[in-house]
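Here is the structure we will look at.
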Amino acid sequence: MKIELKKTDFVGKEINEPYYYILIFDGNASFSVDLTDYECSGKSLIFLSPYQLFKWNNSSAPFINQVSFHGDFYCIEYHKKEVACNGILFNDIYREPFVNISDFIYEEIISIIERMKKVEDSKLDYDDSILKSYLQVVLALSSKEKQLKMPSEIQESIGNATILQFQQLLDEHFREAKEVAFYASKYKLTVNTFSKRIKKHFGKSPSQLIQDRIVLEAKKLLHLTVKPIREIAVDLNFEDEFYFSRYFKKNVGISPKDFRKEVGISIVAK
């Protein structure tokens, strides 16, 4: 599958696949991504990266417009100059994986998806570039909408040095510092107090964020480089390749080898 466009009822369904997903719907939503619970309402977009575990928790739900695509079809890193969505829509461990959107943007995205469906269903021999162009517009609109929601979060972070500096410290030290105590000690706080403050802001514990940051980097190295898995294990400061593989499979659901096979190696690495 290169790209798939459909409308479906998500009640009782899960996603854990090697594709990027955009879910578009209007209604109340209760769901989890990588076992973290979220709720939203109104017109919304949810973004999932390859092998993120998504589960719909509602007993009932609206029909959802779904766009899913493989990195081989549209590489978000290769096209980052056109659409900066990596770290905003996808692969952002610090912010919620969804955004509420205006009526205008909602209708515009639905309209674009309908045009994409017509191209995909047509018997004419269309070039993939047409679908890619439509997808790029959807990503650009979505990225702009999510960025509009970010300034208030940044302002809040600036007003709380612990929150702001934790993100910086984590990005700098996650390879060698995998224990919460390391970060808590930087602010002379107990692990318990530090954990409560982080959980209140992000909705995730610091241990979960550390784990997410390690897994995110592992996925990045598997997808965006041609480094052997044993070298990636060394880069991430694991004792050996086998320990790294067990850690990755426990948190992602598949081995690093299978992840690379299913998601592929990006064009930017070749």
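The values are calculated or read from the model by the stated rules, or taken from the named source; none is laboratory data. Note that the coordinates shown come from a computational prediction; the quantities given were computed from them, not determined experimentally. All Cβ positions, glycine included, derive from the backbone under ideal geometry; neighbour counts span all protein chains shown.
Observations, loosely collected:
- Any chance TYR183 is crowded, with 16+ Cβ neighbours inside 10 Å and either touching a strand residue (DSSP E or B) at 6+ places or on another chain (Cβ under 7 Å) or not hydrophobic (A, V, I, L, M, F, W, C) (or both): yes
- Residues that are among the hydroxyl-bearing types (Ser, Thr, Tyr), touching a residue at least 12 places away in the same chain (Cβ under 8 Å) and part of a loop (DSSP other than H, G, I, E, B), drawn from region 177-194: TYR187
- Residue within region 78-101 that is among the charged types (D, E, K, R), outside any loop (DSSP other than H, G, I, E, B) and surrounded by fewer than 20 Cβ atoms within 10 Å (Cβ to Cβ) present: no
- Checklist (1) free of Cβ contacts under 8 Å to residues at least 12 places away in the same chain; (2) of a type outside the set (S, T, N, Q); (3) over 19 Å from PHE25 (Cβ atoms); (4) part of a helix (DSSP H, G or I) applied to LEU131, failing item: (1)
Yes/no per residue for (1) over 26 Å from GLN167 (Cα atoms); (2) among the charged types (D, E, K, R); (3) at pLDDT 95 or above; (4) buried (at least 16 other Cβ atoms within 10 Å of the Cβ):
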| position | (1), (2), (3), (4) |
| --- | --- |
| LYS199 | no, yes, no, no |
| ASP212 | no, yes, yes, yes |
| GLU217 | no, yes, yes, yes |
| LYS220 | no, yes, yes, no |
| LYS227 | yes, yes, yes, no |
| ASP240 | yes, yes, no, no |
| PRO256 | no, no, yes, yes |
| VAL268 | yes, no, no, no |
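- Flag for LEU131 being over 20 Å from the mean Cα position of the chain (by Cα), surrounded by 20 or more Cβ atoms within 10 Å (Cβ to Cβ) and of a type outside the set (Val, Ile, Thr): yes
- Screening LEU124, LEU141, LEU148 for residues that are out of contact with any Cys (no Cβ under 7 Å at 6 or more places or on another chain), modelled with pLDDT of 90 or more and of a type in the set (A, V, I, L, M, F, W, C) leaves exactly one candidate, LEU141.
- Of the helices (runs of 4 or more DSSP H) entirely within region 195-270, those holding at least 1 residues that are free of Cβ contacts under 8 Å to residues at least 24 places away in the same chain and more than 21 Å from the chain's Cα centre (by Cα) occupy 229-235, 241-252.
Condition check ((1) modelled with pLDDT of 90 or more; (2) not basic (Lys, Arg)) across all residues:
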position	(1), (2)
LEU131	yes, yes
LEU135	yes, yes
ILE154	no, yes
LEU170	yes, yes
LYS178	yes, no
THR193	no, yes
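- Region 70-98, residues that are closer than 19 Å to TYR38 by Cα and among the β-branched types (Val, Ile, Thr): ILE88, ILE93
- When we screen PHE73, PHE47, PHE63, PHE104 for residues that are within 24 Å of VAL137 (Cβ to Cβ) and surrounded by 20 or more Cβ atoms within 10 Å (Cβ to Cβ), the only hit is PHE47.
- When the criteria are applied in full, ILE254 meets the requirement of being within 26 Å of TYR21 (Cα to Cα) and not assigned by TED's automatic domain parsing to the domain that holds ILE93.
- Of all the residues in region 132-151, those that are farther than 16 Å from ILE110 by Cα and of a type outside the set (Lys, Arg) number 4.
- Across region 1-38, the qualifying residues are those that are touching a Phe, Trp or Tyr at 6+ places or on another chain (Cβ under 8 Å), farther than 19 Å from PHE73 by Cβ and of a type in the set (D, E, K, R), and the one among them that is surrounded by the most Cβ atoms within 10 Å (Cβ to Cβ) is ASP26.
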